[in-house]
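Colleague: My questions will all concern the structure given below.
The values are calculated or read from the model by the stated rules, or taken from the named source; none is laboratory data. These numbers were taken from a predicted model, which means no experiment stands behind them. Here Cβ is always computed from backbone atoms with ideal geometry, including for glycine, and neighbour counts include all displayed protein chains. Heavy atoms of the whole protein, side chains included, go into the accessibility calculation; ligands, DNA and RNA do not. Shrake-Rupley method; radii C 1.70, N 1.55, O 1.52, S 1.80 Å.
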Amino acid sequence: MNTPQPEHVTGDAGKREWRRAISGARSAVSAQQQVAEANALAAAIPGLLDGLRSPTVCGYVPFGSEPGSIGLLDVVRNTGARVLLPIVPDEPGPLEWAEYTGTASLVPGRYRGILEPGGPRLGAAAIGDAAVVLVPALGVDRQGARLGRGAGFYDRSLVFAGAEARLVAVVRDDELVDRLPAEPHDVRMNGVLTPGNGLVTLPLEQ
């Protein structure tokens with residue numbers, strides 16, 4: 001995949017251009033590439049959790065052309081970690097969380113194509129227990145600015161994460177870019193996980 005680089009535009013207009021560019025490139029990703037990327041991301045999980053004793057990890061179920069797979073969540077669980085997955089609220093606000101105990105615990109969410117945990121809701125503050133938060137993203141830049149889909153659920157949620165938590169965006173290799181449009185309220189990532197590079201600590205020097 002070769003993600004086009006939009007011309008430098010700031011603010012919401014710039015974000016819209018980047019979303020169009022990355023979403024268009026993702027639509028061309030083959031099933032074979034997705035499988036290979038999912039396997040590579042899963043293989044990087046033990047290194048990501050190295051040194052964290054039986055941590056809590058907040059993850060998510062990828063959908064559409066997002067990199068990763070449900071199998072990655074099982075790899076996390078097999079390390080002994082407790083896995084929490086997001087539940088999209090009925091009204092705009094922070095995500096709620098519930099424990100992932102296997103594929104049988106997943107149910108359709110309120111948005112078509114999104115699977116969520118069907119167990120007891122633990123509230124928005126449950127993310128504060130996580131040593132690692134895996135965050136879906138369309139892109140992330142070298143300073144840690146993350147490009148989401150624009151709904152704002154994660155920006156409202158990540159403020160509840162612990163000060164020492166690893167906030168790790170999961171993207172494809174060429175979705176780690178030099179600079180993305182960012183606003184003061186955007187929560188910065190301190191890591192990025194890609195199929196080819198594994199875990200990369202952010203920010204990166206220019």
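Colleague: Calculate the spin-label point distance for residue 188 paired with residue 90, positioning each point 7 Å from the Cα along the beta-carbon direction, and give it in nanometres.
Modeller: 3.8
Colleague: Tell me, Kirkwood radius of the range 33-84 from alpha-carbon pair distances, in Å?
Modeller: 11.2
Colleague: On C-alpha positions alone, give me the angle between the axis of helix 11-26 and the longest principal axis of the chain, in degrees, nearest 10.
Modeller: 80
Colleague: Expected output is a single nm value to one decimal: the length gained when fully extending between residue 121 and residue 204, i.e. 0.36 nm times separation in residues minus the C-alpha distance. What is it?
Modeller: Value of the extension gain: 26.2 nm.
Colleague: Along each of the three principal axes of the Cα atoms of the range 47-206, give the extent in whole Å, ordering the values from largest to smallest.
Modeller: Sorted from largest, the Cα extents of the range 47-206 read 44, 36, 30 Å.
Colleague: Turning to a different aspect of this structure: Carbon and sulfur together cover what percent of the accessible area of the chain at a 1.4 Å probe radius?
Modeller: 50
Colleague: What's the extension gain from residue 149 to residue 30 if we count 0.36 nm per residue and subtract their Cα-Cα distance?
Modeller: Length gained between residue 149 and residue 30: 40.7 nm.
Colleague: In Å and from the alpha-carbon atoms only, list the Rg and Dmax of the range 109-168.
Modeller: When restricted to Cα atoms, the range 109-168 yields Rg and Dmax of 12.7, 37 Å.
Colleague: Another question about this same structure. For the residue pair residue 43 and residue 173, what label-to-label distance in nm results when each label sits 7 Å from Cα along the Cα-to-beta-carbon direction?
Modeller: 1.2
Colleague: Which whole-Hz ³J(HN,Hα) couplings does the range 137-153 yield from phi under the Karplus relation 6.51 cos²θ - 1.76 cosθ + 1.60, θ = phi - 60°, glycine and proline marked x?
Modeller: 7, 7, x, 8, 10, 5, 8, x, 5, 10, 9, x, 8, x, 7, x, 4
Colleague: Hey, can you find the accessible area per residue of the range 5-151 for me, probe 1.4 Å, expressed in square angstrom?
Modeller: That works out to 47 Å² per residue.
Colleague: How large is the charge dipole for the chain, taken about the Cα centre, if only the Cβ atoms of Lys, Arg (+1) and Asp, Glu (-1) carry charge, to the nearest 20 debye?
Modeller: Its charge dipole is roughly 240 debye.
Colleague: Another one. To one decimal place, what Kirkwood hydrodynamic radius in Å is obtained for the range 114-206 from all pairs of distinct Cα atoms?
Modeller: Hydrodynamic radius (Kirkwood, Cα pairs) of the range 114-206 is 13.8 Å.
Colleague: Rg over Rh of the range 91-140, using C-alpha atoms and the Kirkwood radius, what does it come to?
Modeller: Radius of gyration over Kirkwood radius for the range 91-140 works out to 0.96.
Colleague: Given the -39500 (n - 2.57) contribution per DSSP H run of 4+ residues, what per-residue ellipticity at 222 nm results for the chain, rounded to the nearest 500 deg cm²/dmol?
Modeller: Here the helix-only value at 222 nm equals -7000 deg cm²/dmol.
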